[in-house]
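Chemist: Please see the structure below; I have some questions.
The values are calculated or read from the model by the stated rules, or taken from the named source; none is laboratory data. Note that this is a predicted model, so its numbers are computed, not measured. Don't worry about glycine lacking a Cβ; one is built from the backbone with ideal geometry, like all the others, and counts go over all protein chains shown. The area values use the complete protein model at the heavy-atom level, side chains included, leaving out ligands, DNA and RNA. Shrake-Rupley method; radii C 1.70, N 1.55, O 1.52, S 1.80 Å.
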Amino acid sequence: MLSAYLIQLADNALILGHRNSEWTGHGPVLEQDIALSNIALDLIGQSRNLYQLAASRMNTLSPEKEPVTEDDLAYLREAPDFKNVVLLEQPNGDWAKTILRQFYFSRFQLLQFRDLLNSKDADLAAIAEKSIKEIRYHVKWSSEWVCRLGDGTTESHTRMLNALEELNPLVAELFTTTDYELAAATGGWGTDPASLQPDWLQAVNATLQTATLPLYRDEKKPALLLSGKNGFHSEHLGFILAEMQFLQRAYPGCDW
Amino acid sequence: MEKISSENWPLWEVFIRTRQGLDHKHAGSLHAADAQMALENARDVYTRRNEGISIWVVESKYIHASSPEEAASFFDPANDKVYRYPTFYQLPDELKNI
Amino acid sequence: MPSHEQIFEDKIEREVRIEPKDWMPEDYRKLLIRQMSQHAHSEIVGMLPEGNWITRAPSLRRKATLIAKVQDEAGHGLYLYSATETLGITREETIDQLLSGKAKYSSIFNYPTLTWADIGAIGWLVDGAAIMNQVPLCRASFGPYARAMIRICKEESFHQRQGFEILLTLSRGSEAQKHMCQDAIDRWWWPAVMMFGPADESSPHSQKSMQWKIKRFSNDELRQKFIDVCAEQVKVLGMKLPDSKLQWNEETQHYDFGEINWEEFWNVVNGNGPCNKERLAARKKAHEDGAWVREAAAAYAAKKNHSSEIR
């Protein structure tokens with residue numbers, strides 16, 4: 001259960017980092033290209049720390065099996081084994097959608113990792129401590145952009161409205177508790193995401209209000225049948241993995 | 001507002017303090033729409049390898065520079081003010097701690 | 001009193017750096033703008049062939065280093081655009097010249113990256129050639145250029161190492177990996193050799209640039225140095241450079257090498273390389289798609305400024 005929980009955290013970071021890195025070389029202005037690449041690097045760094053921890057826990061649990069590495073976890077699992085939320089595997093769309101996705105997730109991740117600072121698992125707590133500095137910056141950066149776009153020009157405002165419409169239905173999954181998250185919360189090493197929802201809502205709406213955008217309304221029922229956290233993904237993930245895993249799949253057992 | 005300037009962000013100069021106790025030093029420049037963005041861009045562009053612990057940014061248009069044409073009248077007069085240096089003053093060798 | 005020209009030439013002679021506000025001949029300014037902006041464009045266009053492997057990098061470590069590397073190139077482009085702006089041309093003007101096809105960039109980036117080994121070959125050969133070119137530019141007579149180059153060279157040193165490491169890993173891997181490695185070297189070698197530009201006798205800008213101490217070594221001198229270094233390094237990989245005439249010459253103490261295909265070189269320079277259109281189209285798309293973002297941020301900043309003035 002712990003490894004499932006760690007892998008969920010890692011998958012979120014990897015998939016969003018991967019999506020952000022698709023912007024590298026194509027950003028709206030050089031300075032922001034660099035900024036988003038930095039965030040991609042932070043997230044991929046987080047995913048590596050988490051995969052490594054998951055791998056070491058798995059290897060301790062099953063010493064008889066061939067040891068697992070971070071790359072096995074990232075490159076040799078199938079889409080249904082991935083546990084990232086569906087929100088993060090969405091195509092980048094325009095800068096507005098990318099910004100809003102980052103903002104929603106970073107706001108969530110900040111609360112989640114703040115709780116993880118107190119994890120009973122000292123290694124996970126250490127990763128949280130390292131990551132939270134990065135996440136704070138991601139929150140700041142993305143919130144500022146939400147305001148710039150929401151309260152910028154008519155066009156940018158409209159684009160933000162479109163982004164809200166596309167992404168809002170995918171938010172509820174962040175706060176839907178899975179079995180392994182419940183176990184992690186009960187065991188004292190993880191956090192129940194449902195408990196983070198009120199704080200998230202307040203923080204997000206404060207920014208949306210400043211940005212002159214419509215507030216996020218809590219839809220009690222997830223409007224979505226998909227559940228990335230349980231491996232039930234949108235079709236987008238398959239394409240991400242086809243690209244990401246292609247070398248490892250085409251040339252099995254090689255060092256790179 | 002005309003089209004051209006509406007998408008062009010102003011130029012900013014970046015100054016970085018590399019270590020506690022040192023001065024901020026000019027590192028380079030970049031474009032940003034506002035001061036907050038300029039600071040963040042400066043962080044991403046000029047301190048990717050731990051080059052700094054503090055950043056100043058200032059819009060380039062607010063920097064006034066002395067002109068090279070006037071350099072002679074501007075700086076040369078300081079050349080002959082030798083009395084500004086401690087070595088100008090002749091004192092006996094036996095005088096210590098001064 | 002000495003004339004502007006005399007003062008300028010005297011500074012060049014005495015290795016005193018020229019700074020943006022100093023008087024300089026119009027041709028010097030033009031040559032610098034041309035060379036520096038070309039250099040900046042090369043960094044930015046150079047992000048594309050490697051960037052398209054970020055999503056396919058075969059391990060998390062490789063993925064992170066490749067993002068960091070391509071991001072560095074964005075940074076280097078930015079340093080160089082900034083340095084160019086001190087000559088009185090805005091970044092927008094410079095970028096417009098690139099997007100309209102008026103300005104050139106290094107032809108090497110018009111070649112396609114077909115396999116993962118290409119990322120290694122680019123790091124080793126293309127960055128290797130770039131470093132060879134750039135190190136002497138740290139002493140260029142124009143201050144902002146020299147300072148940008150110092151920063152770039154400092155950062156660039158990891159690029160070549162990561163490239164060589166990729167090739168080294170492949171060269172010690174499976175048969176398929178070894179083949180991938182040799183194939184990439186075969187495809188990138190000659191374009192890398194051509195990166196030093198046309199032969200000295202057909203490089204008019206080069207002479208002027210050396211006279212003004214922007215460049216310190218001629219194209220052919222640098223090319224020879226590069227070939228000498230690579231001919232040795234390739235042995236560590238257990239691979240071959242695709243040149244049957246490559247041979248150590250005791251007399252000259254340099255490697256002799258085969259004929260360069262200048263027809264191919266000029267073809268690529270003049271827009272007929274394998275990926276010229278794709279590269280420019282990608283840059284145009286990023287620029288055009290980004291216009292509304294840049295406008296929004298500017299409009300927002302203007303609003304905030306306005307409201308703080310009222311307060």
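Chemist: In 10 Å bins starting at 0, how do the alpha-carbon pair distances of segment A:2-250 split up by percent?
Modeler: P(r) for segment A:2-250, in whole percents per bin: 7, 32, 38, 18, 4, 0, 0.
Chemist: Taking +1 at the Cβ of each Lys and Arg and -1 at the Cβ of each Asp and Glu, which of A:Ala122, A:Ile39, A:Ser62 sits farthest along the dipole of segment A:2-250 towards its positive end, judged by Cα position relative to the Cα centre?
Modeler: A:Ala122
Chemist: Cβ under 12 Å from A:Val146's Cβ, A:Val146 left aside: what net charge do those residues give with Lys, Arg +1 and Asp, Glu -1?
Modeler: So the environment of A:Val146 carries a net charge of +4.
Chemist: If you don't mind, another one. Starting from the amide H of A:Phe232, placed 1.01 Å from N in the peptide plane, find each other amide H under 5 Å away whose residue is 5 or more places distant or on another chain.
Modeler: A:Ser227
Chemist: Once you put a point 7 Å from the Cα of A:Glu165 and another 7 Å from the Cα of C:Thr252, both along the Cβ direction, what distance in nm separates them?
Modeler: 6.8
Chemist: Of A:Leu247, A:Trp189, A:His236, which is farthest on the positive side of the dipole of chain A, counting Cα position, with +1 on Lys and Arg Cβ, -1 on Asp and Glu Cβ, and the Cα centre as origin?
Modeler: A:Trp189
Chemist: Pop out the ³J(HN,Hα) list for segment A:198-215 in order, Karplus 6.51 cos²θ - 1.76 cosθ + 1.60 with θ = phi - 60°, rounded to Hz; leave Gly and Pro as x.
Modeler: Karplus values, whole Hz, x for Gly and Pro: x, 5, 4, 4, 5, 5, 5, 5, 4, 5, 4, 5, 4, 7, 6, 10, x, 6.
Chemist: If you don't mind, there's one more thing I want to ask. Can you give me the Cα centroid spacing of segment A:82-127 and segment C:75-113 in angstrom?
Modeler: When both Cα centres are located, 36 Å separates them.
Chemist: Sort segment C:98-191 into rounded, prolate or oblate with this rule: let a ≥ b ≥ c be the square roots of the eigenvalues of the Cα gyration tensor; rounded if a/c is under 1.5, and if a/c is not under 1.5, prolate when a/b is larger than b/c, oblate otherwise. Don't skip to the answer; put the middle values down first.
Modeler: On the way: a/c = 3.29, a/b = 1.68, b/c = 1.95.
Taking the square roots of the gyration eigenvalues as a ≥ b ≥ c, segment C:98-191 is oblate.
Chemist: Need one number: nm distance between label points at C:Ser307 and A:Asn59, each 7 Å from Cα along Cα→Cβ, rounded to one decimal.
Modeler: Result: 5.3 nm between the two label points.
Chemist: Whenever you get a sec, line up C:Phe164, A:Phe232, A:Phe82 from highest to lowest accessible area (probe 1.4 Å, protein heavy atoms).
Modeler: Result, largest first: A:Phe232, C:Phe164, A:Phe82.
Chemist: A follow-up question, please. Average partner chain C-beta neighbours within 10 Å, per residue of B:41-52?
Modeler: The mean count of partner-chain Cβ atoms within 10 Å per residue comes to 5.
Chemist: Order B:74-84, B:27-37, C:1-11 from most to least packed using the mean count of other Cβ atoms within 10 Å.
Modeler: Descending mean neighbour count gives B:27-37, C:1-11, B:74-84.
Chemist: Can you give the FRET efficiency to the nearest 0.05 for C:Ser100 and A:Gln202, using r as the Cβ-Cβ distance and R₀ = 51 Å?
Modeler: Details: r = 49 Å, r/R0 = 0.96.
Efficiency for this residue pair is about 0.55.
Chemist: Based on the alpha-carbon set only, what is the convex hull volume of segment C:44-201 divided per residue, in Å³? Before the final figure, lay out the partial values.
Modeler: Details: hull volume 19.4 nm³, N = 158.
Cα-based convex hull of segment C:44-201, divided per residue, equals 123 Å³.
Chemist: Evaluate the charge dipole of segment B:6-88 about its Cα centre and quote only its size in Debye, nearest 20, assuming +1 on the Cβ of each Lys and Arg and -1 on the Cβ of each Asp and Glu.
Modeler: Charge dipole, segment B:6-88, about its Cα centre: 480 debye, nearest 20.
Chemist: HN-Hα J couplings of segment C:210-217 from phi, Karplus 6.51/-1.76/1.60, θ = phi - 60°, integer Hz, Gly and Pro as x?
Modeler: Result, rounded to whole Hz: 6, 4, 8, 6, 7, 8, 10, 10.
Chemist: Return the long-range amide H neighbours of B:Ser54 (sequence gap of 5 or more, or a different chain), with a cut-off of under 5 Å between placed amide H atoms.
Modeler: Amide H neighbours of B:Ser54, under 5 Å, 5+ apart: B:Arg17.
Chemist: Report the local net charge at A:Asp199: Lys and Arg +1, Asp and Glu -1, summed over other residues whose C-beta lies under 10 Å from its C-beta. Don't skip to the end; give the middle numbers.
Modeler: Details: positive: A:Arg107, A:Arg114; negative: none.
Its environment carries a net charge of +2.
Chemist: In 20 Å bins starting at 0, how do the alpha-carbon pair distances of chain C split up by percent?
Modeler: Final binned percentages: 30, 55, 14, 1.
Chemist: Something else now. Whole angstrom only: what separates the Cα centroid of segment C:179-200 from the Cα centroid of segment C:248-293?
Modeler: 10
Chemist: For segment B:35-43, take each phi angle, set θ = phi - 60°, evaluate the Karplus expression 6.51 cos²θ - 1.76 cosθ + 1.60, and give the result in whole Hz per residue in order, putting x for glycine and proline.
Modeler: Each residue of segment B:35-43 in turn: 5, 4, 5, 4, 5, 5, 4, 4, 4 Hz.
Chemist: Treat each spin label as a single point 7 Å out from the Cα along the C-beta direction, and report the C:Glu26 to C:Ala291 distance in nm.
Modeler: Rounded to a tenth, the inter-label distance reads 3.2 nm.
Chemist: Scan around C:His254 for amide H atoms under 5 Å from its own, H built in the peptide plane at 1.01 Å from N, and keep only partners 5 or more places away or cross-chain.
Modeler: C:Asn249
Chemist: What does the average come to when, for each residue of peptide C:66-77, you count the partner chain Cβ atoms lying within 10 Å of its Cβ?
Modeler: Per residue, the number of nearby Cβ atoms from other chains is 6 on average.
Chemist: Applying 1/(1 + (r/R0)^6) with R0 = 35 Å to the Cβ-Cβ distance of C:Met1 and C:Arg161, what FRET efficiency is obtained, to the nearest 0.05?
Modeler: With a Förster radius of 35 Å, E is 0.10.
Chemist: At a threshold of 8 angstrom on Cα-Cα distance, excluding pairs fewer than six apart, so keeping six or more, what relative contact order does chain A reach in percent?
Modeler: Value for chain A: 24 percent.
Chemist: Sticking with this structure for a sec: If you take the square roots of the eigenvalues of the alpha-carbon gyration tensor of segment B:6-88 and sort them as a ≥ b ≥ c, do you get rounded (a/c under 1.5), prolate (a/b over b/c) or oblate?
Modeler: Working: a/c = 4.26, a/b = 1.69, b/c = 2.53.
Verdict is oblate for segment B:6-88.
Chemist: Something else: Could you state the principal axis extents of the C-alpha atoms in the protein assembly as shown, from the largest down, to the nearest angstrom?
Modeler: 84, 72, 69
Chemist: So if I place +1 on the C-beta of Lys and Arg and -1 on the C-beta of Asp and Glu, and nothing else carries charge, what would the dipole magnitude of chain A be about its Cα centre? I want it in debye, nearest 20.
Modeler: 500
Chemist: With +1 on each Lys and Arg Cβ and -1 on each Asp and Glu Cβ, how big is the dipole of the protein assembly as shown about its Cα centre, in debye rounded to the nearest 20?
Modeler: On the way: 74 positive and 92 negative charges, 201 e Å.
Computed charge dipole of the protein assembly as shown: roughly 960 debye.
Chemist: Along the positive direction of the dipole of chain C (beta-carbon charges: Lys, Arg +1; Asp, Glu -1; about the Cα centre), which of C:Ala291, C:Met195, C:Val268 reaches farthest?
Modeler: Of the options given, the answer is C:Ala291.
Chemist: Additional query: If you average the alpha carbon positions of segment A:149-197 and of segment A:201-219, how far apart do those two centres end up, in angstrom?
Modeler: Distance between centres, Cα-based: 12 Å.
Chemist: Also: Calculate the FRET efficiency for B:Val82 and A:Asp123 from the Cβ-Cβ distance with a Förster distance of 45 Å, rounded to the nearest 0.05.
Modeler: 0.10
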